[in-house]
Amino acid sequence: MDSIDRALVNELQDGLPVCRRPFDAISTRLGISVTEVTDRIGKLLDDKLLSRFGPMFNAELLGGGLTLCAMQVPEADFERVTEQVNAFPEVAHNYAREHELNMWFVLATGQPERIAGVIAEIETATGCRVYDMPKRDEFYIGLKLPV
Amino acid sequence: MNAVLSPCPYQVDAIDRQIVVATQAGLPLVEQPWDAVAEQLGLDPDEVVDRVAAMQAHGIIRRIGAVPNHYALGYRANGMSVWNIPDELVGELGQRVGALDFVSHCYHRPRHLPLWPYNLFAMVHGRSRAEVDSRVKVIAEMLCGARRGYDVLYSTRILKKTGLRIQG
């Protein structure tokens, strides 16, 4: 990454305007052509320095269900339970964390009322209790990491 | 806080959903990306832009931008800091914590007593665990007096990361 890439990543974290030519302002600020802006974004994606570029959607406002779940999984069963949990297509992310509650995953369903059903199925499949922690309020989403 | 006009009177219709499905993997990297989306869907580009602007104004789209790969960019540590805050203060204090630059997601979530007494979650990023720890201390000082306890859960392994996918 050169200094222009770094400036570009910082700009892109702020977000683009919604208009027919959304790259024009960044192109002017960075002093490079629009084609160079889009080429550089493509390269940053190819090099996996960016994981995604585009609209960030709020899944709940689109009508889906979303929640964070935690489980206390015995170490000896951890691999088996990981496979069982990950096999559910509704499980979007799953992280091992250092705590008594050592497995944390995000469930996303097309219908909000499906969340309870999926949790019950995961409990039956794994034999572990699922602690459901749906958000009650959201204070901020997004992050600006200067690079 | 996100700039949302109102809780969400906007109802996403079938055409909005087509736009969501067409762009959730990413926006085309061309000079006029919404024109490319419009062409793919057989819509007028101005209509696509208007719909995207309306979805953003109502919080359905948070922003049009990039998600950096934190790890590749040198932010190798992330800790889920969790706080036990009196419920009547969680709204005000959650906003102050969420406004910190190094905090990504910040949510009020339910407790599960006695195992889980924490009701405020703030994801903290840093280049190292030491940096995350020092940033958690900043939050601890900010919440001094209000907090009854806290913990930081470091991730040790990503077990699955497919991202959210919305059906059309």
Original post:
Of the residues that sit in region A:36-62 and are among the aliphatic types (A, V, I, L, M) and out of contact with any strand residue (DSSP E or B) (no Cβ under 8 Å at 6 or more places or on another chain), which one is surrounded by the fewest Cβ atoms within 10 Å (Cβ to Cβ)?
Top reply: A:LEU61
Original post:
Regarding A:SER33, is this residue within 30 Å of B:GLY98 (Cα to Cα) and either surrounded by fewer than 14 Cβ atoms within 10 Å (Cβ to Cβ) or modelled with pLDDT under 95 (or both)?
Top reply: no
Original post:
Taking into account only those residues within region B:38-64 that are in a helix (DSSP H, G or I) and in contact with a strand residue (DSSP E or B) (Cβ under 8 Å, 6 or more places away or on another chain), which is farthest from the other protein chains (Cβ to nearest Cβ)?
Top reply: B:MET55
**OP:** Scan region A:37-64 residue by residue and report those that are farther than 20 Å from A:VAL18 by Cβ, more than 7 Å from every other protein chain (Cβ to nearest Cβ) and at pLDDT 90 or above.
**Re:** A:ASP39, A:ARG40, A:LYS43, A:LEU44, A:LEU45, A:ASP46, A:ASP47
**OP:** Please list, ordered by first then second residue, the pairs with beta carbon atoms under 9 Å, 6 or more apart or interchain, first in region A:112-138 and touching a residue at least 40 places away in the same chain (Cβ under 8 Å) and under 13 Å from A:GLN72 (Cα atoms), second part of a strand (DSSP E or B) and among the polar types (S, T, N, Q).
**Re:** A:ASP132/A:THR67
**OP:** For region A:102-130, name all the residues that are within 26 Å of B:GLY91 (Cβ to Cβ) and surrounded by 19 or more Cβ atoms within 10 Å (Cβ to Cβ).
**Re:** A:TRP104, A:VAL106, A:LEU107, A:ALA108, A:ILE115
Subject >> Checklist (1) crowded, with 19+ Cβ neighbours inside 10 Å; (2) farther than 29 Å from B:GLN32 by Cβ; (3) touching a residue at least 12 places away in the same chain (Cβ under 8 Å) applied to A:HIS93, failing item >> reply: (1)
Subject >> Filtered residue count, region B:75-96, keeping only those that are in contact (Cβ under 8 Å) with a residue 40 or more places away in the chain and not hydrophobic (A, V, I, L, M, F, W, C) >> reply: 9
Original post:
Among the numbered criteria (1) at the interface with chain A (Cβ under 9 Å from one of its Cβ atoms); (2) in contact (Cβ under 8 Å) with a residue 40 or more places away in the chain; (3) surrounded by 14 or more Cβ atoms within 10 Å (Cβ to Cβ), which single criterion is violated by B:VAL21?
Top reply: (1)
Original post:
Hey, any hits in region B:123-135 for a residue that's assigned to a strand (DSSP E or B), under 17 Å from A:ASP137 (Cβ atoms) and in contact with a His (Cβ under 9 Å, 6 or more places away or on another chain)?
Top reply: yes
**OP:** May I ask you to list the residues in region A:3-21 that are in contact with a helix residue (DSSP H, G or I) (Cβ under 7 Å, 6 or more places away or on another chain) and more than 7 Å from every other protein chain (Cβ to nearest Cβ)?
**Re:** A:ILE4, A:ASP5, A:ALA7, A:LEU8, A:GLU11, A:PRO17
Original post:
Are there any pairs with C-beta distances below 8 angstrom linking a residue in region B:109-137 that is more than 16 Å from B:PRO86 (Cα to Cα) to a residue that is basic (Lys, Arg) and surrounded by fewer than 21 Cβ atoms within 10 Å (Cβ to Cβ), with the two at least 6 apart or on different chains, and if so which?
Top reply: B:ARG127/B:ARG76; B:SER128/B:ARG76
Original post:
Among the residues of region A:63-87, how many are surrounded by fewer than 18 Cβ atoms within 10 Å (Cβ to Cβ) and closer than 26 Å to B:GLN24 by Cα?
Top reply: 3
**OP:** Could you look through region B:76-96, keep only residues that are part of a helix (DSSP H, G or I) and more than 7 Å from chain A (Cβ to nearest Cβ), and pick out the one that is surrounded by the fewest Cβ atoms within 10 Å (Cβ to Cβ)?
**Re:** B:GLU88
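The values are calculated or read from the model by the stated rules, or taken from the named source; none is laboratory data. Note that the structure is predicted; figures quoted are calculated from it, not measured. Every residue, glycine as well, gets a Cβ built from its backbone with ideal geometry; the counts of neighbours run over all protein chains shown.
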